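The values are calculated or read from the model by the stated rules, or taken from the named source; none is laboratory data. Not measured: the values here are computed from a predicted model. Backbone-built Cβ (ideal geometry, glycine too); neighbour counts: all protein chains shown.
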Amino acid sequence: MRGATATATPADGSPSRRARADCTADRAGGLTFDVRLTGRQAARPPADAALLLRLRKRQGPADTVRLPLAPAAADGRLRAVLPGTMWLQEGRWDACLVLGDGKPRRLLPGVHDLRALIDRVPCGERTWLGVRIPYATKYGNLTVRSWLREPHAECGPLRVADGSMVLRGTLHGARLSPGACLEAHPRDSAAPPVSVPVPLDGQDAAAESAPSPGRGSGEVVTGKRRPASVFTARLPLDALPPGRRVWNLWLRPSADEGPVRLARILDDVADKKRIFSYPPQHVTGPGGSTRSVRPYYTLDNDLSVRVSCEDQG
């Protein structure tokens, strides 16, 4: 069943000694952890048990979240809840179990029910978007990948053919204007970005021409998120200059707003780089030189394009 993740074996080969946590996601972005203790701890769990989330490679006071564990079933399972309304920094949070005065120990992943994350539609009542996806690390431990975006440009279907990349996506937390454009920014370079216009679809064109609410309109303006905007962007691959380089893709909603990083995070896949693969396109420049251009998702699930010279592989 898609959305359910099987258990993993830890690197030390002793899964029976450590507790496991089953994770259930909800459509509001929250996670419920059901911890299954082992041995004597399962019969008499301490009253002050807690689940810790520790932001990897960070050790500040704000980089640890403590979630109290409470009895959830007669078999000794303990439950902790990470609400979708809780602000969680972007990064990888390692899950640990603390029992009484004992030291934190890494949790093992149990069965994950992530069906609510598939084709998730973000809540329209917030000014920010939080996404949390639990997964098993390569060492068999439980970690939660968190994203925090405001606004957010979600990538949908992506097609690479005939020398172009065509992307269908959705912009959350901002509205597209006639000045919207797709921008390719060179990574690790001060070179200017490559920009192509993004046309408005019917819905956004109607919204753009409608009068804006404000003073004298009789409508109260709040800090709530704006409705999502669907867009289709086309990037001619020959617009990217030759040379070995990675280009990060952004969506600029209007000439007066900053660019928004394009990413794919509204589903149950924590690592897109290993799942989504696109064929390279061979592009010939004006001088006859050829290069290979291929879009891909980074380790953070952001969308980028890699350009490489044909004679260099």
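Here are some residues: V121, V131, V166, V160. Which one is surrounded by fewer than 22 Cβ atoms within 10 Å (Cβ to Cβ) and within 17 Å of the chain's Cα centre (by Cα)?
Details: V131 fails: surrounded by fewer than 22 Cβ atoms within 10 Å (Cβ to Cβ); V166 fails: within 17 Å of the chain's Cα centre (by Cα); V160 fails: within 17 Å of the chain's Cα centre (by Cα).
Of V121, V131, V166, V160, the one residue that is surrounded by fewer than 22 Cβ atoms within 10 Å (Cβ to Cβ) and within 17 Å of the chain's Cα centre (by Cα) is V121.
In the stretch 249-297, what residues are β-branched (V, I, T), out of contact with any helix residue (DSSP H, G or I) (no Cβ under 7 Å at 6 or more places or on another chain) and farther than 23 Å from V230 by Cα?
Step one: filter the stretch 249-297 for residues β-branched (V, I, T), giving 260, 265, 269, 275, 283-284, 290, 293.
Now restrict to residues that are out of contact with any helix residue (DSSP H, G or I) (no Cβ under 7 Å at 6 or more places or on another chain): 260, 265, 269, 275, 284.
Once the filter is applied, which keeps residues that are β-branched (V, I, T), out of contact with any helix residue (DSSP H, G or I) (no Cβ under 7 Å at 6 or more places or on another chain) and farther than 23 Å from V230 by Cα, the stretch 249-297 yields I275, T284.
Select, from V269, V293, the only residue that is outside any loop (DSSP other than H, G, I, E, B), out of contact with any Asp or Glu (no Cβ under 7 Å at 6 or more places or on another chain) and either without any contact (Cβ under 8 Å) to a residue 12 or more places away in the chain or among the β-branched types (V, I, T) (or both). Don't jump to the end; show me each part of the working.
Working: V269 fails: outside any loop (DSSP other than H, G, I, E, B).
That would be V293, the only listed residue that is outside any loop (DSSP other than H, G, I, E, B), out of contact with any Asp or Glu (no Cβ under 7 Å at 6 or more places or on another chain) and either without any contact (Cβ under 8 Å) to a residue 12 or more places away in the chain or among the β-branched types (V, I, T) (or both).
For K103, state whether it is farther than 25 Å from G130 by Cα and in a loop (DSSP other than H, G, I, E, B).
yes
Just checking, does the stretch 86-98 include any residue being surrounded by fewer than 17 Cβ atoms within 10 Å (Cβ to Cβ), under 14 Å from V35 (Cβ atoms) and small (G, A, S)?
no
How many of the residues in the stretch 27-50 are within 30 Å of D119 (Cβ to Cβ) and either crowded, with 17+ Cβ neighbours inside 10 Å or polar (S, T, N, Q) (or both)? Lay out the reasoning, then the answer.
Let us first name the residues in the stretch 27-50 that are within 30 Å of D119 (Cβ to Cβ), namely 27-36.
Still in the running and either crowded, with 17+ Cβ neighbours inside 10 Å or polar (S, T, N, Q) (or both): 29-36.
Residues in the stretch 27-50 being within 30 Å of D119 (Cβ to Cβ) and either crowded, with 17+ Cβ neighbours inside 10 Å or polar (S, T, N, Q) (or both): 8 in total.
For the stretch 268-283, how many residues meet the condition of being among the small types (G, A, S) and either exposed (fewer than 14 other Cβ atoms within 10 Å of the Cβ) or in contact with a His (Cβ under 9 Å, 6 or more places away or on another chain) (or both)?
Count: 1.
In the stretch 74-97, how many are part of a strand (DSSP E or B) and touching a Leu at 6+ places or on another chain (Cβ under 6 Å)? Show your work before the answer.
Step one: filter the stretch 74-97 for residues part of a strand (DSSP E or B), giving 78-82, 91-97.
Checking which are touching a Leu at 6+ places or on another chain (Cβ under 6 Å) leaves us with 78, 80, 82, 91, 93, 95-97.
Of the residues in the stretch 74-97, 8 are part of a strand (DSSP E or B) and touching a Leu at 6+ places or on another chain (Cβ under 6 Å).
Out of the residues in the stretch 264-309 meeting the condition of being of a type in the set (A, V, I, L, M, F, W, C) and out of contact with any Lys or Arg (no Cβ under 9 Å at 6 or more places or on another chain), tell me which one is modelled with the lowest pLDDT. Outline the logic, then answer.
From the stretch 264-309, those of a type in the set (A, V, I, L, M, F, W, C) are 265-266, 269-270, 275-276, 283, 293, 299, 303, 305, 307, 309; that's our starting set.
So of that shortlist, the ones also out of contact with any Lys or Arg (no Cβ under 9 Å at 6 or more places or on another chain) come out as 269, 275.
Working: V269: 95, I275: 91.
Applying the filter and picking the extreme gives I275.
Would the stretch 111-128 turn up any residue that is hydrophobic (A, V, I, L, M, F, W, C) and free of Cβ contacts under 8 Å to residues at least 60 places away in the same chain?
The initial filter retains those residues of the stretch 111-128 that are hydrophobic (A, V, I, L, M, F, W, C), namely 111, 114, 116-118, 121, 123, 128.
Keeping just the survivors that are free of Cβ contacts under 8 Å to residues at least 60 places away in the same chain gives 128.
Yes, the stretch 111-128 contains a residue that is hydrophobic (A, V, I, L, M, F, W, C) and free of Cβ contacts under 8 Å to residues at least 60 places away in the same chain.
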